[in-house]
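Asker: Sharing a structure here in C-alpha cells format.
The values are calculated or read from the model by the stated rules, or taken from the named source; none is laboratory data. Note that the structure is predicted; figures quoted are calculated from it, not measured. All Cβ positions, glycine included, derive from the backbone under ideal geometry; neighbour counts span all protein chains shown. Areas reflect the complete protein model, heavy atoms only, side chains present, ligands, DNA and RNA absent. Shrake-Rupley method; radii C 1.70, N 1.55, O 1.52, S 1.80 Å.
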Amino acid sequence: MGTESVAPERTNVELCRRYVGEFVNEGDAAAAEELVREDVVTHQLGVGVEQVGRDALVDQILGFRGAVPDWHLAVEDAVGEGDRVMMRLTARGTPQEPWGNLVPTGKSFEQPAFFVFRLEDGRIVEQWNLVNLMGIARQLGLLPPGPRVIAKVAAHRIRSRLGGGRRRRA
C-alpha cells in the first residue's frame, strides 16, 4: 500500500480558502495566527497601500468587520500554481459604523475582488488585494454617479421636455 500525496497547489488553495472563510468572514484571529506568517506583506492595489505584519493585518480585518459586521467574501474561483493562489471573490456588506473614509449610508455594496497569495512552508507570506473601491463608494452613495448615468439622465430630461418619450423609427 502506498501513501497518497496531495499536490502542494491543492493544499495551498485549501489554506487560502480557510483564510477567507475563518479569518476574513468569521473574524477568527486565531486562524490568522495559524495561517499567516508574522511578517506577512499585504499590498492594497489601486490605492498604493502596503502594510507589513500579521498584527496590522488582523487589526485591519477586524476593524473593517466591526464597521461592516455582515461583510462577506464569496470565493467564486480559486486556482493554485506552485507557491501562488489566485482567488476571484465577491465582496458584500452594509457599513454600520465609520471606518477610514467609509461611512454608513444605509446602503449595501456588492463588488468583485481579486486576491493573490504567496505561501511558504504552509503559511501566507504575501498577499495582493484588488477591490473596486470606487464601485463600492458609488454603490454606497459616497460618490456622484458616473458619466454614463449623468448622460442618460440628461438625455431623458431633454426628451421629456421636447415632447416626451423616445422617437420611434419608421
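Asker: What does the chain give for Rg and for Dmax, in Å, if only its C-alpha atoms count?
Answerer: For the chain, the Cα-based Rg and Dmax read 21.2, 83 Å.
Asker: If I fit a long axis through the Cα atoms of helix 8-18 and take the longest principal axis of the Cα atoms of the chain, what angle between them do I get, 0 to 90°, rounded to 10?
Answerer: 60
Asker: Could you state the angle between the C-alpha long axis of helix 147-161 and the longest principal axis of the C-alpha atoms of the chain, as a value from 0 to 90 degrees rounded to the nearest 10?
Answerer: Tilt relative to the chain: about 20 degrees.
Asker: Stretch ASN25-THR94 to full length: gain in nm at 0.36 nm per residue minus the Cα-Cα span?
Answerer: Full extension of this stretch gives 23.5 nm more.
Asker: Same structure again: Have a look at VAL40, LEU62, ILE158 and report the one farthest towards the positive end of the charge dipole of the chain, computed about the Cα centre with Cβ charges (Lys/Arg +1, Asp/Glu -1).
Answerer: Positive-most Cα among the choices belongs to ILE158.
Asker: Pop a pseudo-label 7 angstrom from the Cα along the beta-carbon direction at both LYS107 and ASP59 and give the gap in nm to one decimal.
Answerer: Spacing of the two 7 Å Cα→Cβ label points: 3.1 nm.
Asker: Then there is this: Once the piece of chain linking LEU130 and LEU142 is laid out straight, how much longer is it, given 0.36 nm per residue of separation minus the C-alpha distance between them?
Answerer: That pair, LEU130 and LEU142, stretches by 2.4 nm at full extension.
Asker: For the range 118-135, what does the Karplus curve 6.51 cos²θ - 1.76 cosθ + 1.60, with θ = phi - 60°, yield as ³J(HN,Hα) per residue in whole Hz, taken in order and with x for Gly and Pro?
Answerer: Those phi angles translate into 10, 10, 9, 6, x, 9, 6, 10, 7, 9, 10, 10, 10, 10, 6, 5, 5, x Hz.
Asker: Just to be sure I understand: with springs between alpha-carbon atoms less than 10 Å apart, which residue in PRO145, PRO95, PRO69 has the highest mean-square fluctuation in the Gaussian network model of the chain?
Answerer: Fluctuation is largest for PRO145.
Asker: To the nearest 0.05, what FRET efficiency results for HIS43 and LEU162 with a Förster distance of 41 Å applied to their C-beta separation?
Answerer: According to the calculation, E is roughly 0.20.
Asker: Let me know the shape class of the range 22-89, please: from the alpha-carbon gyration tensor, a ≥ b ≥ c as square roots of the eigenvalues, rounded when a/c is under 1.5, otherwise prolate if a/b is greater than b/c, or oblate.
Answerer: Rounded shape, in that the Cα axes give a/c under 1.5.
Asker: Given +1 on the Cβ of Lys and Arg, -1 on the Cβ of Asp and Glu, and no further charges, what dipole in debye does the chain carry about its Cα centre, rounded to the nearest 20?
Answerer: 2500
Asker: Excluding ligands and nucleic acids, what accessible area in Å² is computed for THR11 using a 1.4 Å probe, to the nearest 10?
Answerer: Per-residue accessible area (THR11): approximately 60 Å².
Asker: What's the long-distance tail for the range 81-126, i.e. % of Cα pairs beyond 14 Å?
Answerer: Here the tail beyond 14 Å accounts for 63 percent of pairs.
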